[in-house]
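Taken together, the values in this text are just the output of simple stated rules run on the coordinates, not laboratory data. Keep in mind it's a predicted model, so treat the numbers as computed, not measured.
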Amino acid sequence: MAEGHVDVKRYQIISLLYIVFICFSVINIKISVLDSNIYTIRSFQSLDKEELKKVDISNKIIQDNIDLLNKSEKAQSYLKIRTRLLTSKTVAEKVLRHVDEEFAKNKTTLSKQFNGRNLIEEILKGDQGISLLEKDLFDLSEYIKKAPFKIQTSLDSLIPIKRDVTTNKGKVEKWDYYLFLHKPSAISYMQLERIRFLITKTQLLYQEAALAEIGYQPTYFSQFNPKLYVLKASVKEYKEEEIIKPGQKVISVNDQVFDVLFQKLLASLHTENIFVGLNNTLLADFDFMMGKEFDVEITPKVNIVKNNNNYSVNFNKVGDYMLRFYDMRKERKVLFEKKIVVNSIPDPIVKVKGDNLNNYLISVKNLLSAERLEAKLEINNLNFFPGRINSFKVIRIHNGKEEESVNNYGELFQSPTQKVLAALKKNDLVIFDNLNMSLVDGSTRTSAPIIYKISD
């Protein structure tokens with residue numbers, strides 16, 4: 001019986017080992033799959049080198065045009081993000097270099113370690129490992145989100161940059177575990193190279209976006225074929241008459257791509273925050289002669305008024321307009337086109353005129369000395385109100401009940417209004433209600449009631 005019992009135990013152990021062997025066989029990653037990651041790593045390294053060539057070229061153009069770029073808020077924002085991305089690139093390269101150095105200290109290489117897990121995990125868990133990269137990438141993501149101007153990229157989703165990552169099967173894993181930990185070296189190292197490449201690519205996108213603000217676009221050009229192809233959403237081929245002909249001068253690398261007129265135009269142009277019915281400044285401090293050196297055309301047609309070196313436009317309808325600038329010095333050539341969005345005037349803010357009237361509590365003396373209501377529009381540094389106050393109602397509340405009320409026409413306090421205000425007692429409420437205004441765009445607006453409690 002004892003002998004039989006030992007045999008049963010032995011067969012149970014053998015069966016258990018067999019089951020464990022089968023399980024490991026099922027979950028084991030094929031060597032060919034891991035081996036192929038070496039080629040993926042080399043591909044990302046090659047792509048990163050190619051993108052760096054474009055980064056270097058665009059950096060040279062940026063340095064040559066830095067004064068012009070600094071005049072554009074968007075370009076400045078894009079270049080600040082570019083600089084922040086460069087910091088992240090340095091961190092990613094530092095982690096990669098640390099892995100390589102640790103492999104060398106252990107007298108091994110990535111090729112020898114491609115199926116190993118323990119050494120790469122020990123290295124990445126150290127102070128110089130993925131904790132550095134993780135902190136930097138999340139800081140980078142927050143920096144870009146807070147930037148005043150940014151472009152759409154897939155950096156957050158492709159890395160991905162989020163604390164908890166949900167797998168395709170719905171399992172939630174921590175960021176470091178999902179990308180790097182408990183994985184063969186070939187996979188972990190490939191993820192590091194992939195992240196470095198994505199940072200480089202995003203850096204290039206932001207540099208190109210900044211240059212686009214001053215008219216530069218990525219192009220294909222051949223010295224054997226004068227046609228120029230611009231990289232856009234769809235490829236644009238220039239028309240025959242736009243192609244440089246034999247004998248015509250070709251701009252050399254030392255010439256300025258955009259002359260003084262174009263640079264001054266970009267610096268002087270205002271096409272944001274345009275409102276209907278107002279004199280919107282289109283060009284500020286632009287000292288070229290309209291009709292002789294340049295021309296402007298806006299459709300639907302509107303009047304353009306010159307005052308010294310400033311040009312203003314008054315749009316009479318809300319909607320989209322097309323703006324075209326022409327170079328008139330040789331022949332009427334279109335410099336560029338731009339869509340302008342004309343917005344409705346926002347609702348004004350109405351208050352009792354005076355310096356001591358911003359609080360809920362007010363004295364009768366201050367209220368009577370105010371003499372009027374005033375309306376303001378805090379847009380485009382506007383120093384006047386583009387409209388008028390038509391009427392309002394003044395209501396006196398005493399002991400919780402409406403004591404009296406009068407209608408006032410215009411912004412000045414009329415005699416009936418002054419009488420109501422003079423009768424106010426301590427703890428009374430006075431309400432300016434039914435505020436009605438007309439604006440220069442032809443609209444009629446109302447404003448929220450103004451309520452004061454009398455302090456004496």
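The table that follows gives values for the structure above.
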item	result
Candidate lysines for bridging to Lys135, where Cα separation is under 18 Å - those fewer than 8 sequence places away on the same chain excluded	Lys89, Lys94, Lys125, Lys145, Lys146, Lys162, Lys174
Count, lysine Cα pairs under 27 Å in segment 295-365, 8 or more residues apart or across chains	16
